[in-house]
1. It is to be established whether one or more residues within the range 38-45 are under 19 Å from the mean Cα position of the chain (by Cα), modelled with pLDDT of 95 or more and either near the ligand (Cβ under 7 Å from one of its atoms) or at positive phi (or both).
2. Checking the structure you have, find out if any residue of the range 20-28 is within 12 Å of the ligand (Cβ to nearest atom), at pLDDT 95 or above and touching a Leu at 6+ places or on another chain (Cβ under 8 Å).
3. Please verify whether the range 14-25 includes one or more residues that are outside any helix (DSSP H, G or I), small (Gly, Ala, Ser) and open to solvent by 10 Å² or more (accessible area, probe 1.4 Å).
4. Search the range 11-22 for residues that are in contact (Cβ under 8 Å) with a residue 24 or more places away in the chain and pair each with any residue that is within 6 Å of the ligand (Cβ to nearest atom) when their beta-carbon atoms are under 7 Å apart and the residues are at least 6 apart or on different chains.
Amino acid sequence: MAFTIAIDGPAAAGKGTLSKGVAAHFGFGHLDTGLLYRAVGRRMLSGEDPIEAARGLMPEDLDRPDLRSPDVAQAASKVAVIGEVRAALVDFQRAFARRAGGAVLDGRDIGTVICPDAEAKLFVTASAEVRAERRYMELTGKGQIVTLDQVLADVQARDERDMNRSEAPLKPAGDAVMIDTSKLDIDTALGVAIAAIEAKMPA
Ligand code: CDP
């Protein structure tokens, strides 16, 4: 059985945590599509042409330990405005979405461009301050040296670029269920997401 769950939203909205929880709950596979853009951004920072990097992306590129850094996040959102980069990543994402056994994809354009026919679509948001605080805790928890102001600036700069690009801008699909996690803990947000998805499943 193929069943696609699209989870989109702005930077550090909690898509990753929710997606992993949803995938574990339903026994589905999970693809963090942001990692694809981060891997391309990482290769651009090493001097490669981003279009060539996207076309030649290898599975091991996704395993690099430094993909979660703020520098790589910024590079990811810069390569993500390039139409040829996005085009090179489409087939892989769509094939994953239709894998047997169900799929959760999280990103920016899953419900709008990659999987407009996804059976369930969520758009996860939170205030910029809450998102920056959560990302700050995550990064410092991993030993990275950052300030809260830097993280907030990174989140806001990426949101701005992601929402205003001409190719696949960040926006909710018309039929997405909106979940604002600003005041929800992880378990509550996960419960809301699971209930919204179950409502789309065949009885
Ligand atoms: O984890 P976080 O929300 O901070 O970012 P991410 O999901 O890893 O995405 C990093 C960057 O990749 C975003 O700022 C977007 O510019 C880009 N991206 C995209 O354009 N389309 C996607 N489907 C996923 C990510």
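1. For the range 38-45, residues under 19 Å from the mean Cα position of the chain (by Cα), modelled with pLDDT of 95 or more and either near the ligand (Cβ under 7 Å from one of its atoms) or at positive phi (or both): present.
2. Checked the range 20-28: no residue is within 12 Å of the ligand (Cβ to nearest atom), at pLDDT 95 or above and touching a Leu at 6+ places or on another chain (Cβ under 8 Å).
3. Looking only at the range 14-25, we keep the residues that are outside any helix (DSSP H, G or I), and these are 14.
In the following step, the residues that additionally are small (Gly, Ala, Ser) were identified as 14.
This time we only want the ones that are open to solvent by 10 Å² or more (accessible area, probe 1.4 Å), so: 14.
Taking every residue of the range 14-25 in turn, at least one turns out to be outside any helix (DSSP H, G or I), small (Gly, Ala, Ser) and open to solvent by 10 Å² or more (accessible area, probe 1.4 Å).
4. Ala11/Arg158
The values are calculated or read from the model by the stated rules, or taken from the named source; none is laboratory data. Note that the structure is predicted; figures quoted are calculated from it, not measured. Every residue, glycine as well, gets a Cβ built from its backbone with ideal geometry; the counts of neighbours run over all protein chains shown. These accessible areas exclude ligands, DNA and RNA; they are computed on the full protein's heavy atoms, side chains included. Shrake-Rupley method; radii C 1.70, N 1.55, O 1.52, S 1.80 Å.
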